[in-house]
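Asks: Pasting a structure below so you can have a look.
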Amino acid sequence: SEILILGFYQNNKINSLHERLDESLDGQLSHAIKMDQFSGEINTKVMIYGNNIIKRILLIGLGVQKEFTTDQARSVAAQITRLLDKMNLPNFTIDGESFGLRKNIMVQAFSEGLILGSYQFNDYKTNEDDTVCVNTVMICGNIDKKNIEKGKILGESVCFARNLGNHPANILTP
């Protein structure tokens, strides 16, 4: 995977997984958090360049843990996909535990967001787009695959409905 993405709740300490990751990166993770004064506020990000195994690590602020809702999970996932599309990264890995994806409803919302964030309607653009889009996502952790699939289906359904609505009336009769 090109990049590992970790969620970080506001004012939480580094958990045991993050500590092990920090050790394997010779303290770069904790150093970057201190240098950037990263506290986990919502919509904040810190990019860390890793080693040969993990090339990059992206810390994403999730805000206050008790206030983190399914809508925010969906929004954060969509932002992740859009950001990585801009970076031309075809695949990425997400630490599901750090995003709170143990809850089935959160997993579904997060996977919906991943699909919705990648939506593009390019049917009538004249220039071919040569950019690389995200095509592989690996979510690590104890996560229910059924809810990932459910979110994927819902996200694809919304994208299909958007496609139908974006065609002009002379192409797709209302």
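Asks: Looking only at residues that are β-branched (Val, Ile, Thr) and touching a helix residue (DSSP H, G or I) at 6+ places or on another chain (Cβ under 6 Å) in segment 140-157, which one is least open to solvent (accessible area, probe 1.4 Å)? Steps first, please.
Replies: Filtering segment 140-157 for residues β-branched (Val, Ile, Thr) gives 143, 148, 153.
This time we only want the ones that are touching a helix residue (DSSP H, G or I) at 6+ places or on another chain (Cβ under 6 Å), so: 143, 148.
Numbers: 143: 28, 148: 47 Å².
Among them, the one singled out is 143.
Asks: Which of the following residues is at pLDDT below 85 and either touching a Gly at 6+ places or on another chain (Cβ under 7 Å) or of a type outside the set (Asp, Glu) (or both): 99, 121, 160, 110? Spell out the reasoning first.
Replies: Numbers: 99 fails: at pLDDT below 85; 160 fails: at pLDDT below 85; 110 fails: at pLDDT below 85.
Checking each option against the conditions leaves just 121.
So that you can scan it fast, the table gives a plain yes or no per residue for (1) of a type in the set (Val, Ile, Thr); (2) farther than 28 Å from residue 69 by Cβ:
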{"site": "112", "(1), (2)": "no, no"}
{"site": "115", "(1), (2)": "yes, no"}
{"site": "125", "(1), (2)": "no, yes"}
{"site": "137", "(1), (2)": "yes, no"}
{"site": "163", "(1), (2)": "no, no"}
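Asks: Sticking with this structure for a sec: Does segment 143-158 include one or more residues that are in a helix (DSSP H, G or I) and touching a Cys at 6+ places or on another chain (Cβ under 8 Å)? Walk me through how you get there before you give the answer.
Replies: Residues of segment 143-158 that are in a helix (DSSP H, G or I), as a first pass: 145-158.
Then keep just the ones that are touching a Cys at 6+ places or on another chain (Cβ under 8 Å); that gives none.
No, the conditions are met nowhere in segment 143-158.
Asks: Return a yes/no flag: does segment 116-139 have any residue that is assigned to a helix (DSSP H, G or I), surrounded by 14 or more Cβ atoms within 10 Å (Cβ to Cβ) and under 16 Å from the mean Cα position of the chain (by Cα). Steps first, please.
Replies: The first filter runs over segment 116-139 and keeps only residues assigned to a helix (DSSP H, G or I), leaving 116-117.
From what's left, surrounded by 14 or more Cβ atoms within 10 Å (Cβ to Cβ): 116-117.
Of the ones still in play, those that are also under 16 Å from the mean Cα position of the chain (by Cα) are 116-117.
Yes, segment 116-139 has at least one match.
Asks: Checking residue 32 against (1) hydrophobic (A, V, I, L, M, F, W, C); (2) within 20 Å of residue 89 (Cβ to Cβ); (3) touching a helix residue (DSSP H, G or I) at 6+ places or on another chain (Cβ under 9 Å), which test does it fail?
Replies: In the conditions (1) hydrophobic (A, V, I, L, M, F, W, C); (2) within 20 Å of residue 89 (Cβ to Cβ); (3) touching a helix residue (DSSP H, G or I) at 6+ places or on another chain (Cβ under 9 Å), residue 32 misses (3) alone.
The values are calculated or read from the model by the stated rules, or taken from the named source; none is laboratory data. Keep in mind that this is a model prediction, so the values were computed, not measured. Heads up, the Cβs are rebuilt from the backbone with ideal geometry, glycines too, and the neighbour counts pull from every protein chain shown. These accessible areas exclude ligands, DNA and RNA; they are computed on the full protein's heavy atoms, side chains included. Shrake-Rupley method; radii C 1.70, N 1.55, O 1.52, S 1.80 Å.
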